[in-house]
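See below for the structure under consideration.
The values are calculated or read from the model by the stated rules, or taken from the named source; none is laboratory data. Here the structure is a predicted model, which means the values were calculated and not measured. Here the Cβ is made from the backbone with ideal geometry for all residues, glycine too, and neighbour counts use every protein chain on show. For the accessible areas, the whole protein counts, side chains as well, though only heavy atoms, and no ligand, DNA or RNA atoms are used. Shrake-Rupley method; radii C 1.70, N 1.55, O 1.52, S 1.80 Å.
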Amino acid sequence: MKSYLIRRLLLMIPVIFGVSVIIFTLISLAPGDPFAQMIEANPSMSRADYENLLNSIGYYDPIPVKYAKWAKQVFSGSLGYSISQKQPIADMIGRRLKNTLLLSIPALVLSTIIAIPLGVLSATKQYSFLDYILTLLALAGISIPAFFLALLLLKYLAFDLKLFPLQGMETIAAGYTGTRWLHDRLHHLALPLSILTTIQVAGRMRYTRSSMLEIINQDYIRTARAKGLGEKSVIYKHALRNALIPVITVLSISLGSLLSGAILTENVFMWPGMGTLVYQAISNRDYPLVMAGTMLLALSMLIANLLADIAYAFADPRIRYD
Amino acid sequence: MKGKSRLLALMLVFVFLLSSCGPTDPVTPDDSSDPKILTFAQFNPPTGLFIPDILTTDYDGNITSLIFESMIAYDPNMEFYGILAEDWEVSEDNLSVTFDLREGVLWHDGEPFTAEDVKFSLMFVGHPDYTGPRYSNVENILGMAAYHDGLSDDVEGLEIIDSHTIKITTDGILGSFLYSIGTRPIMAKHIWEDVDVATSENNIELSTNPVGTGPFKISEFAADSHAIVEKYTDYWGGEPKVDKIILKAVAVDTAQTQMINGELDTLILSDFNPDVLELLTNADIDLRFTNTVTSQYMGVNTRLPQFAQKEARQALACGINRQEIVDELLYGRATVLNNPFTPASWADPDPELIDAYEYDPERAIELFTSVDGYEYKDGVMYYNNSPFEIVLKYPSGNKAREQSAVVIQQNLQDIGIEVDLQIMEFAALTAAAETENFDLFLMGLGTSFDADQKYIWETGAGFNYCGWDDEYTNNMLDEGLKFVSVDERKPIYNEWAIYMNDHIPNVWLYNPQSARAFAPRFTGYEFGPSGFYYKMQNWDVK
């Protein structure tokens, strides 16, 4: 296991390098520059001023030179400064990362806790009324785009009934402290979290159900029942453990999208997270910020895959990495 | 089943707990003893770059507009009025302006404001290591170019007469003097003089703690979220009536709803849909509309032989139902444009004197066929014996503009021209325009308040995407800059505008109005083409 881990971790280095080269080349080749948006707002800016800005960020350097400059900066331990916001990128990402994880980790945990039991229930009671209702709900959950569900909930719960704030992470300038502060934060978190959870429950429940159904019809389940094991033991000990393997794959993929998966929800709720940061960085052609953001996403995806492989070994004793 | 209902109950309790008390909290004050707080909305959070000479987005500009002041500015009627300058006088030879600065003005940290601050601020923008985009505003000051190139340490055109009088001289007559130089925000010399100019944009300590002379001073900045300013009690124009202003980011989708809910006190309106406006007025919200100096136009590649003759371009203008675009897509809240100036500009000529290019497909066909190479038969327009096809590139983002591309496509189809629509990101479109890789494109233009348009129409100018190369234009634009007073400049620009209307190097589409919503409790504001940052000490909360 140990040598396997080391091998996998070492393998990440060339992968990360390759990804960085590809992303860097793509974003550099994309037409446009970081200051194009400024023209529309301030067209009286002279061409010379504009060229000065471009030269100051080395816009006209050949791509390999640009890449080398960027890589040098990364190796020196600094991610550089954002072109559009002039701030150290590490600080910007640090803040955003925290906000996104605050939203996406609870959503992942909650949705998994809800989805797996519902999926099992739906499979064991196949073609029952409950199964149909859950299937219908899951279908609805998968089909409704997150931003639309968000707007619907905002309309009814936040605007009409005024149960929740419309957006943001906290009440600005209220000066809350202690439990009051915690309540305020949770109050703001409730709606975006429910939306993210709902959307994720739908998909994960369907995966659990189909994987469970496949197992339930296996011979060894019939054997377990034939030798007189209790239904609970059959389902939860014998069937669920095997059924979880594909679910773990799905979960690990969601783990990789912890940072980027909430972008639509973040947008509607003005939640200052990673998704909106990277999205804005791309449309502003903020090259160093795009690189830092996308590399972080790539890294989290790689780590998620590794975690999935490790988790297999725990869920399925037949899988060994030696 | 039992487990499920337990879970459901738990979730209900959770929702109940979270929603129980929030909205009844006394977050917004309505008691007169409570502090008066206004909440302003913008669509992105401020980035914290509160240095007016360096910042590049309105999301920071909205904050510095409350904190910093300039010598003079436009009032809501687009006339100059003095802020840090009590009076100003243009010299006989039109080369210099002497500003009488206000005495007794204190910076937010208590230091007195003097002519040194003005000189320092203008030199900051001209410094060899300056990284911002505003050098062109000061480059005409006598001696500034040498200073900018590092050839001298001082700028002779910035002459301090006494502690509160400064005489600024340009190296040639600069028509846009009062706008370019007079409206520059003034920074505090005692704060900035020892700061390295090259890295000032990354100086977070200074940029997030701006010190100005304006009616409000910074009180709090939370990255990715909001900024709060509080009243400056020693403001020279009198103590502001409002205690605090919160500037926070709101989502475009829910901003109007928040306005109706009373969570916001002012908001820029981007959607003029009458249904939405009615919802707002029903909530007693004051909607103010104003003319702007921004315009939307269709760029035409005049380098291409098919568009080289003015008749072909006039034909395009007649072939597009611009009034319908204004009426249907902008709900009438715009004016069809036919020359480089908008009705908000003093240089806009009398509409009687110019061709309105009203929608007239027959005239369009007539104009096209009057040009060599064009032929119209059986409902199809031919150019050089093959069906005439045009590519129209347009940027994503502005809804009305996206939809107007479709109207243009249909209108031109009606006179037998095939239009291929290509939507792209704004950055990609400017790249296409710069590399002359287009037939037609749609873009917006926010001209400056001054009439000078050299940066658009002079041969080879940076934003001369259409490739307009015309000696008469070059001469007239030079001529217009030879005087400082509007009365002398006006006839020159009027004459040029009439000429441009006839030659129509691009097809001007419309000049949209801009609008702002003000909450019923917000009083004392004025709104004009130059915005609403005017006499802010009078703002109040009912």
*Label zone at residue A:52 (point 7 Å along Cα-to-Cβ), backbone N below 20 Å, the range B:99-124*: B:118-124
*asked:* Can you give the Rg/Rh ratio of the range A:1-134, where Rg is from the C-alpha atoms and Rh is the Kirkwood radius?
replied: 1.19
*Can you grab the distance from the C-alpha centre of the range B:243-265 to the C-alpha centre of the range A:175-251, Å, no decimals?*
39 Å
*May I ask which residue of A:19, A:31, A:4 lies farthest towards the positive end of the charge dipole of the range A:2-75, with charges of +1 (Lys, Arg) and -1 (Asp, Glu) on Cβ and the Cα centre as origin?*
A:4
*Quick one: Kirkwood hydrodynamic radius for the range B:69-213, alpha-carbon pairs, angstrom, one decimal?*
15.6 Å
*Could you give the dipole magnitude of chain B about its Cα centre, charging the beta-carbon of Lys and Arg +1 and that of Asp and Glu -1, in debye to the nearest 20?*
2220 debye
_With a 1.4 Å probe and all protein chains left in place, how much of the accessible area of the range A:152-239 comes from carbon and sulfur atoms, in whole percent?_
59 percent
*the protein assembly as shown - Rg over Rh from alpha carbon coordinates, Kirkwood radius*: 1.01
*With the full set of protein chains in place, find how many percent of the accessible area of the range B:301-425 is carbon and sulfur; take the probe as 1.4 Å.*
42 percent
*So what is the relative contact order of chain B, in percent, for Cα pairs below 8 Å that sit 6 or more residues apart?*
19 percent
_Computed magnitude of the charge dipole of the protein assembly as shown (debye, nearest 20; Cβ of K, R +1, Cβ of D, E -1)_ = 7560 debye
*For peptide B:215-225, compute the average count of partner chain beta-carbon atoms within 10 Å of each residue's beta-carbon.*
3
*Which helices count as membrane-span-like in chain A under these terms: full DSSP H, at least 15 Å along the axis by C-alpha, Kyte-Doolittle mean of -0.5 or more?*
A:2-29, A:63-75, A:89-124, A:129-143, A:178-216, A:240-256, A:287-315
*asked:* Could you tell me the relative contact order of chain A? Use alpha-carbon pairs under 8 Å, at least six residues apart, and round to a whole percent.
replied: 28 percent
*Note the buried accessible area between A and B here, summed over both chains, with a 1.4 Å probe, in Å² to the nearest 100.*
5100 Å²
_the range B:194-322 - Rg over Rh from alpha carbon coordinates, Kirkwood radius_ = 1.15
_Working only with C-alpha atoms, what are the Rg and Dmax values of the range A:2-75, expressed in angstrom?_
18.0, 62
_Connecting C-alpha atoms closer than 10 Å in a GNM of chain A, tell me which of A:308, A:48, A:71 has the biggest fluctuation._
A:48
*In percent, how large is the relative contact order of the range B:200-316, given Cα pairs closer than 8 Å and 6 or more residues apart?*
12 percent
*How big is chain A by the Kirkwood estimate over distinct Cα pairs, in Å?*
23.0 Å
*Which values, in whole Å and largest first, are the semi-axes of the equivalent ellipsoid of the range B:294-512 obtained as the square root of 5 times each eigenvalue of the Cα gyration tensor?*
27, 19, 18
*So which residue, out of A:30, A:224, A:173, gets the largest mean-square fluctuation from a GNM of chain A using Cα contacts under 10 Å as springs?*
A:173
*Taking every DSSP beta bridge that has both residues in the protein assembly as shown, what percent is antiparallel when rounded to the nearest 5?*
80 percent
*Take the alpha carbon gyration tensor of the range B:146-186, find the square roots of its eigenvalues, order them as a ≥ b ≥ c, and report rounded if a/c is under 1.5; if not, report prolate when a/b exceeds b/c, else oblate.*
oblate
_Debye-sum result for the range A:175-247 in log10 I(q)/I(0), which assumes one identical scatterer on each alpha carbon, at q = 0.15 Å⁻¹_ = -0.64
*asked:* In the range A:49-71, what residues drop by 20 Å² or more of accessible area when the other protein chains are put back, versus the chain on its own? Use 1.4 Å, and skip ligands and nucleic acids.
replied: A:49, A:53
*residue B:384 versus residue B:346, label points 7 Å from Cα toward the beta carbon: distance in nm?*
4.8 nm
*Starting from the Cα gyration tensor of the range B:362-482, take the square roots of the eigenvalues, sort them a ≥ b ≥ c, and report rounded, prolate or oblate (rounded when a/c is under 1.5, otherwise prolate if a/b is larger than b/c, else oblate).*
oblate
_Two-decimal ratio, chain B, of alpha-carbon radius of gyration to 2.2 N^0.38 Å_ = 1.10
_Can you give the FRET efficiency to the nearest 0.05 for residue B:487 and residue B:284, using r as the Cβ-Cβ distance and R₀ = 56 Å?_
0.85
*In chain A, with Lys and Arg counted as +1 and Asp and Glu as -1 at Cβ, which of these residues, A:202, A:271, A:242, has the Cα nearest the positive end of the dipole, that is, farthest along it?*
A:242
*Under a point spin-label approximation (7 Å from Cα along Cα-to-Cβ), what is the residue B:503-residue A:6 distance to one decimal in nm?*
7.6 nm
*Carbon plus sulfur fraction of accessible area for the range B:30-71, probe 1.4 Å, in percent*: 43 percent
*Taking chain A as a Gaussian network, Cα atoms linked when under 10 Å apart, which of A:254, A:111, A:84 shows the biggest mean-square fluctuation?*
A:84
_Inter-part distance where the range A:61-128 and the range B:141-184 are each reduced to a Cα centre, Å_ = 49 Å
*Once Lys and Arg get +1 and Asp and Glu get -1 on their Cβ, which of B:175, B:266, B:208 lies farthest toward the positive end of the dipole of the range B:153-306?*
B:175
*Quickly work out the residue B:163-to-residue A:237 label distance, labels modelled 7 Å from Cα along the C-beta direction, and quote it in nm with one decimal.*
9.3 nm
*Any idea of the accessible area per residue across the protein assembly as shown, 1.4 Å probe, to the nearest Å²?*
44 Å²
*10 Å Cβ shell holding at most 11 others, DSSP loop, chymotrypsin sites (Phe, Trp or Tyr not before Pro): longest site-free stretch of chain A*: A:128-322
